[in-house]
Amino acid sequence: MLTSQSARALLLITTAGLAVLAPPMDLLARSRRPPVAEAPPPPPPPPAGLSDRFVTDAAAYQAYIERAGGVSPAFNSGAGVADGLRTVAAYEPRALIRGAVAYGAVAALAAPTFVAAVRATATSDDNRRIMLGYLLGDPNYATTFAGSEIAAGLAKEAISSGGARLVAAGKVIKASAYSVQHQAWSKEPVVDPSGRLSAVEAAASNGLESAADHEAPLRSAAGGGTPLPISAAAEKTPYGPLVLRALQLAAIAALGEAGEEAYGRLNAATPDADSEACLHMVRLNLNQCLAVAKPHYEDIFCMGQHAMADTGACLVKSSMVEIAPPPAPYVAPVEKPKAAPTTHKKRRRRH
């Protein structure tokens with residue numbers, strides 16, 4: 001039999017063992033708590049891309065450059081000259097600027113690093129709204145993202161190459177104003193000068209002619225599909241006004257916010273005052289040139305110089321690209337006629 005002292009000792013040992021084996025009460029309480037649910041990751045921004053109105057502007061610009069730059073200098077009638085005039089003069093300055101900016105933005109969206117950097121910063125709906133406000137308020141904000149120099153280079157090439165094409169084609173048309181003068185029809189006076197001038201002015205009254213057949217490839221390129229066939233080196237700041245606006249629009253498109261609201265806010269004011277002033281001066285010079293032109297070959301000169309070359313120069317200048325001056329024409333040296341030898345007659349002395 002256990003003595004009372006032995007029984008107490010056994011009880012203490014048993015109790016201590018149970019205490020060691022039993023988990024703490026707070027551990028039991030914690031084990032009964034439900035697991036804490038982790039917050040889901042923020043939703044990605046809406047898909048990148050441009051709204052239909054931006055795509056329509058870009059397509060109209062692309063088609064205009066193709067039509068105007070493709071006018072043939074092989075004129076053979078006054079009617080052909082009139083058709084060419086209406087083709088190259090069919091733009092309104094603001095519409096041409098909007099189209100150039102939208103087309104440049106489509107090109108800029110082919111810079112994957114830039115697009116990814118913009119989208120990675122939009123970590124929440126609030127961030128995206130704040131970024132959109134910054135971009136709408138100051139286009140320079142678009143230059144702070146990685147890859148912006150590559151995107152700007154693509155936009156610059158897209159806009160300036162179209163302007164350069166018009167400049168080059170305009171020089172060819174202007175030269176034909178001289179070569180065509182051996183054809184009798186070119187020296188005949190324009191039948192209805194005032195009507196011809198009115199037709200040219202009316203051609204620009206509706207902005208740019210829409211080009212639905214150009215829209216699908218541009219819409220796809222803006223959304224990450226096959227990019228435009230444009231390549232360019234990275235371009236460091238500062239940027240020309242049209243290039244900077246194109247980069248701004250590309251950043252907004254990368255956020256998935258290039259919708260109707262952005263279209264209205266970007267185009268509510270003058271997109272670029274200097275570019276618009278340049279194009280308005282071109283229109284004024286074209287109209288003045290046509291007002292004094294009489295034979296058809298003078299209309300060809302007005303077309304090549306003002307409607308084409310000067311228009312293209314405005315686009316190139318707004319992209320901060322220098323146009324190389326044309327080489328000086330070769331002039332064959334003219335030999336001076338040799339002076340006839342002089343004969344000196346001796347005077348007879350009088351004695």
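Does at least one position in the range 219-234 carry a residue that is under 24 Å from residue 92 (Cα atoms), within 21 Å of the chain's Cα centre (by Cα) and in a helix (DSSP H, G or I)?
Of the residues in the range 219-234, the ones under 24 Å from residue 92 (Cα atoms) are 219.
The next check asks that each one be within 21 Å of the chain's Cα centre (by Cα); those that pass are 219.
Those left that are additionally in a helix (DSSP H, G or I): 219.
Yes, the range 219-234 contains at least one residue that is under 24 Å from residue 92 (Cα atoms), within 21 Å of the chain's Cα centre (by Cα) and in a helix (DSSP H, G or I).
Figure legend. Inter-residue proximity from the range 46-59: first residues under 17 Å from residue 243 (Cα atoms) and touching a residue at least 60 places away in the same chain (Cβ under 8 Å), second residues among the charged types (D, E, K, R) and surrounded by 22 or more Cβ atoms within 10 Å (Cβ to Cβ), beta-carbon distance below 7 Å, spacing 6+ or different chains. Indicated pairs: 57/98. Listed by position, the helices (runs of 4 or more DSSP H) enclosed by the range 65-155 that each have at least 1 residues that are more than 12 Å from residue 250 (Cβ to Cβ) and without any contact (Cβ under 8 Å) to a residue 60 or more places away in the chain are 78-88, 112-121, 125-137.
Within the bounds of the range 227-247, is there any residue that is touching a Gly at 6+ places or on another chain (Cβ under 8 Å) and polar (S, T, N, Q)? Among the residues of the range 227-247, not one is touching a Gly at 6+ places or on another chain (Cβ under 8 Å) and polar (S, T, N, Q), which makes the answer no.
Residue by residue through the range 236-269, note down the ones that are of a type outside the set (Lys, Arg), farther than 17 Å from residue 147 by Cβ, touching a residue at least 24 places away in the same chain (Cβ under 8 Å) and assigned to a helix (DSSP H, G or I). Write out each step before concluding.
Initial filter on the range 236-269 (of a type outside the set (Lys, Arg)): 237-244, 246-264, 266-269.
Checking which are farther than 17 Å from residue 147 by Cβ leaves us with 238, 240-242, 256-264, 266-269.
Applying the additional criterion that residues be touching a residue at least 24 places away in the same chain (Cβ under 8 Å) yields 238, 240-242, 256-260, 262-263, 266-267.
Selection gives 241, 242, 260, 262, 263, 266, 267.
Remark: pairs (first residue in the range 272-285, outside any helix (DSSP H, G or I); second residue among the hydrophobic types (A, V, I, L, M, F, W, C); Cβ separation under 8 Å; 6+ apart in sequence or on different chains) = 272/97; 272/242. Restricting attention to the range 168-179, the residues being closer than 25 Å to residue 104 by Cβ and buried (at least 22 other Cβ atoms within 10 Å of the Cβ) number 2.
Do we find a residue being closer than 29 Å to residue 152 by Cα and at pLDDT below 65 anywhere in the range 312-324? Yes, the range 312-324 contains a residue that is closer than 29 Å to residue 152 by Cα and at pLDDT below 65. Restricting the range 180-205 to residues that are touching a Phe, Trp or Tyr at 6+ places or on another chain (Cβ under 6 Å) and not aliphatic (A, V, I, L, M) leaves a set whose member that is surrounded by the most Cβ atoms within 10 Å (Cβ to Cβ) is 186. Screening 147, 137 for residues that are at positive phi, under 21 Å from the mean Cα position of the chain (by Cα) and surrounded by fewer than 22 Cβ atoms within 10 Å (Cβ to Cβ) leaves exactly one candidate, 147.
Filtering the range 215-225 to residues that are at pLDDT 95 or above and surrounded by fewer than 19 Cβ atoms within 10 Å (Cβ to Cβ) leaves 215, 216, 217, 220. For the range 156-193, the tally of residues that are touching a helix residue (DSSP H, G or I) at 6+ places or on another chain (Cβ under 7 Å) and not in a helix (DSSP H, G or I) stands at 2.
Screening the candidates 61, 103 for the property of being under 19 Å from residue 221 (Cα atoms), in contact with a Gly (Cβ under 6 Å, 6 or more places away or on another chain) and not polar (S, T, N, Q) yields one hit, 61.
The values are calculated or read from the model by the stated rules, or taken from the named source; none is laboratory data. Note that the structure is predicted; figures quoted are calculated from it, not measured. Every residue, glycine as well, gets a Cβ built from its backbone with ideal geometry; the counts of neighbours run over all protein chains shown.
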